[in-house]
Amino acid sequence: MIDVEGLTKQYGQVRAVDDLTFSVKPGIVTGFLGPNGAGKSTTMRMILGLDRPTAGTATIGGKRYRDLKNPVTEVGALLDAKAVHPNRSAANHLKWLAQSNGLPARRVDEVLGLVGLTEVAGKKAGGFSLGMGQRLGLAGALLGDPQVLILDEPVNGLDPEGIRWVRGLLKALADEGRTVLVSSHLLSEMAMTADHLIVIGRGRLVADTSTYEFIKQHSASTVVVRSGHHDEFLSALREENIDFHVGTDPEGRATIEIPERSTDEIGALAFSTGVLLSELSLRRASLEDAFMEMTGDAVQYHGTTAATTQPGVEKPRTEEKQP
């Protein structure tokens, strides 16, 4: 288990991490999310003893990282996949790590096979693609067969097959009872990978909850309806003072979108008014929607749509007409 309590890091006038407290439990994959500049990498570095906290503590299994007797066999970490000598081959890089940590040489071949680099084991790491470098970094993290894994953007640069493989690997490791903390900007992937989420913004804790509850509590759901009796159902909705929006689906068919209602409620209304529905479905917001809802105020760097506006000129507003 990873325990972070009151963790704070101050760089001059900038507080990168601010009184952060959370725990990462074994047996599940915990996603670590936040906008750029939120303090995720700094927090991971403090957990691993690479940065000294201004205040607070970070422990792994009740001990600080520097107090672990043989850390590589207890904690596997990937913070920077490029932290490899470019003139070393993949095999020699791992052999150097194994020998310096008292691990058997056979473990090198095992992890190379596990991450799919056996065929390029003799090639220099400097010639690796970003995705291959990520695989080598994961091999290094897994070298000591640790019970705790701390991974910063492990799927960065991987192709869809590689991303799917990492997802399966992390879930399998968690199923073995290991503690897995992983950060990623690929929110759609985190929605499929992480069981629990730690979300921070500007160094502060925003959410510490299950992925399901995070999406449920911080984003809206919409009931989508199609009917051959479109106008009749719109009248029924107006009579019940139910808000709705009229739109179209990808096939150009007219739809009625009803926010913050259940399919049971809308289906019952259709039944009571004798309106036959062609579609009655629930559109749930994504993890990305929930993430933006919760962290919008904590985003440090904002882009602009400069191509659509001119300085000093406000973009015209358009209003949707209700039928």
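Which residues make up the longest stretch of the chain clear of GluC sites (Glu not before Pro) that lie in a DSSP loop with no more than 16 other Cβ atoms within 10 Å, not counting the sites?
1-175
For the stretch 219-284, build the convex hull from the C-alpha positions and give me its volume per residue in Å³.
Dividing the Cα hull volume of the stretch 219-284 by its residues yields 79 Å³.
Longest segment of the chain with no trypsin sites (Lys or Arg not before Pro) in a DSSP loop having at most 16 other Cβ atoms within 10 Å? Write out the running numbers ahead of the final one.
Working: sites that count: Arg64, Lys69, Lys82, Arg88, Lys123, Arg253, Arg317, Lys321.
Between exposed loop sites, the widest span is 124-252.
Using a cut-off of 11 Å between beta-carbons, work out the net charge of the residues near Asp145 (Lys and Arg +1, Asp and Glu -1, Asp145 not included).
-1
Can you compute the charge dipole magnitude of the stretch 2-216 about its Cα centre, using +1 on each Lys and Arg Cβ and -1 on each Asp and Glu Cβ, nothing else charged? Give it in debye, rounded to the nearest 20.
560
Which is farthest toward the positive dipole end of the chain among Phe32, Gly6, Asn92, measuring Cα position about the Cα centre, with Cβ charges +1 (Lys, Arg) and -1 (Asp, Glu)?
Asn92
Take Ile215, Ile150 and order them by how many other Cβ atoms sit within 10 Å, fewest up front.
On the way: Ile215 22, Ile150 26.
With the sparsest Cβ surroundings first, the list reads Ile215, Ile150.
Which residue, chosen from Gly267, Val72, His245, occupies the Cα position most advanced towards the positive end of the dipole of the chain, where the dipole is computed from +1 (Lys, Arg) and -1 (Asp, Glu) charges on Cβ about the Cα centre?
Val72
Roughly how many whole Å is it from the C-alpha centroid of the stretch 160-185 to that of the stretch 253-271?
The two parts, judged by their Cα centres, are 37 Å apart.
Could you tally the net charge around Gly56, taking each other residue with its Cβ under 14 Å from the Cβ of Gly56, Lys/Arg +1 and Asp/Glu -1?
+1
So what's the angle, to the nearest 10 degrees on a 0 to 90 scale, between helix 90-100 and the longest Cα principal axis of the chain?
Roughly 60 degrees between the two axes.
With labels modelled as points extended 7 Å from the Cα through the Cβ direction, what inter-label distance (nm, one decimal) is found for Asp145 paired with Lys25?
Taking the simple label geometry, Asp145 and Lys25 are separated by 2.7 nm.
Tell me the label-point distance for the pair Val246, Gln217, using the 7 Å Cα-to-Cβ offset, in nm and rounded to one decimal.
About 3.9 nm, to one decimal.
Please give me the summed charge of the neighbours of Leu103: other residues whose Cβ is under 15 Å from its Cβ, Lys and Arg +1, Asp and Glu -1.
Result for the local shell: 0.
Determine the relative contact order of the stretch 223-282: mean sequence separation of Cα pairs under 8 Å and six or more apart, normalised by residue count, in whole percent.
For the stretch 223-282, the relative contact order is 53 percent.
Just subtract the alpha-carbon distance of Thr209 and Trp96 from 0.36 nm times their residue separation and send over the number in nm, one decimal.
36.7 nm
Need one number: the % of Cα-Cα pairs in the stretch 105-239 sitting beyond the 20 Å mark. Present the calculation step by step, with values, prior to reporting the outcome.
Working: 5280 of 9045 pairs.
For the stretch 105-239, the fraction of Cα-Cα distances above 20 Å is 58 percent.
Kindly flag which residue pairs out of Lys63/Lys171; Lys82/Lys124; Lys25/Lys171; Lys95/Lys124; Lys25/Lys63; Lys40/Lys216 have an alpha-carbon separation exceeding 21 Å in this structure.
Long pairs (Cα-Cα over 21 Å): Lys63/Lys171; Lys40/Lys216.
Would you work out the relative contact order for the chain, in percent, from Cα pairs under 8 angstrom that are 6 or more residues apart?
Relative contact order of the chain: 20 percent.
Relative contact order of the stretch 174-269: what whole-number percent is it, with Cα pairs under 8 angstrom and at least 6 residues apart?
So the answer I get is 21 percent.
Which value at 222 nm does the chain reach when only helices count, each DSSP H run of 4 or more adding -39,500 (n - 2.57), with the total divided by all residues and rounded to the nearest 500 deg cm²/dmol?
Taken over the chain, the calculation gives -9500 deg cm²/dmol.
So in the chain, what percent of DSSP beta bridges are antiparallel if you round to the nearest 5?
65
A short reminder: the numbers here are calculations on the coordinates, not readings from a lab. These numbers were taken from a predicted model, which means no experiment stands behind them. Positions of Cβ are backbone-derived with ideal geometry, glycine not excepted, and every protein chain shown enters the neighbour counts.
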